[in-house]
1. Quick check on the exposure proxy: order Tyr123, Tyr218 from fewest to most C-beta atoms within 10 angstrom.
2. To make sure I understand, if each residue's beta carbon is the centre and we count other beta carbons within 10 Å, what order do Glu179, Glu91 fall in, fewest to most?
3. At 7 Å along Cα-to-Cβ for each site, give me the label-to-label distance between Glu160 and Ala148 in nm.
4. What ranking of Lys110, Lys125 emerges when the number of other C-beta atoms within 10 Å of each C-beta is taken as an exposure proxy, fewest first?
5. To the nearest 0.05, what FRET efficiency results for Thr194 and Glu35 with a Förster distance of 30 Å applied to their C-beta separation?
6. Among rounded, prolate and oblate, which fits the range 76-194 when a ≥ b ≥ c are the square roots of the eigenvalues of its C-alpha gyration tensor, a/c under 1.5 means rounded, and a/b larger than b/c means prolate?
7. Which far-off residues, 5 or more places away or on another chain, put their amide H under 5 Å from the one on Ala59, with H placed in the peptide plane?
8. Share of antiparallel DSSP beta bridges in the range 8-226, in percent to the nearest 5?
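Please treat every number below as a calculation from the coordinates, not as lab data. The structure displayed is predicted, hence computed values, not measured ones. All Cβ positions, glycine included, derive from the backbone under ideal geometry; neighbour counts span all protein chains shown.
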Amino acid sequence: MLESSSWVLEARLPCSDGGLELGASHIKVVSLGVEGGIAKGVVEDLESMGASCTWMDVARSDFDRTVVDWRSALSGAHWLILEMSSFGKEESLASTVGAAMIFAELEGAKTALIVDDKSMVDYEKAWGSVVDRIRQIGFISMSVGGLAKIASMEQVDHSEVGELLRLRGLVSVVAIMDEQSRLMEIHHNLGTETGSTTIDDLKSMTASMLAGLPSSKYSSEGVRSSAGI
């Protein structure tokens, strides 16, 4: 039913290619978002690496969440990729996101959330929805602009946000990128990694980490390598 729906763009790329990373070619992701949003860009980057990706444009007028077989869609997936904008819109979309996250957890897929500062979204509403589901999120990537918005809403210093999400929210990996300087700060179960990344922007850095983390055993070296630092 999922494959035949007109509002789903599904790409199945080869699992082996001499020019592709071996790890990425075995990654399966499902993503919900809107055209022009950062999640779509992350999916396109993952596709170019050889990952198997299912993309759903939840803003389309003909998107019908009631016909999505979430269990089938997320079976064998490594990641469910969401963007901040998916949490700050109408209630039906919030329900769709919530259902996807529940089935991702049941199927063993980790939920990845991307927080940027370019989305046109009610951040207070969106962040409230995220906080309600924070224990279901395994990975968060964010720009420094997105971090600033969260710091303001949580009424904490900018430097405290990463550790706040890691410890209080129990998010396994929190990656923060300053796109201008390319400086990275990554909080994970074994500590904190900092340094300059060779990757250009938040979109590409997120894709790189989602491609690299599953085979890295989440070691300090694996986290650094996946982020290009």
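1. Ordered by Cβ neighbours within 10 Å, fewest first: Tyr218, Tyr123.
2. Sorted ascending by nearby Cβ count, the order is Glu91, Glu179.
3. The modelled label-to-label distance comes out at 1.9 nm.
4. Ranking Lys110, Lys125 by Cβ neighbours within 10 Å, fewest first, gives Lys125, Lys110.
5. The calculated FRET efficiency here is 0.30.
6. oblate
7. Distant-sequence amide H within range of Ala59: Glu35.
8. The answer is about 40 percent antiparallel.
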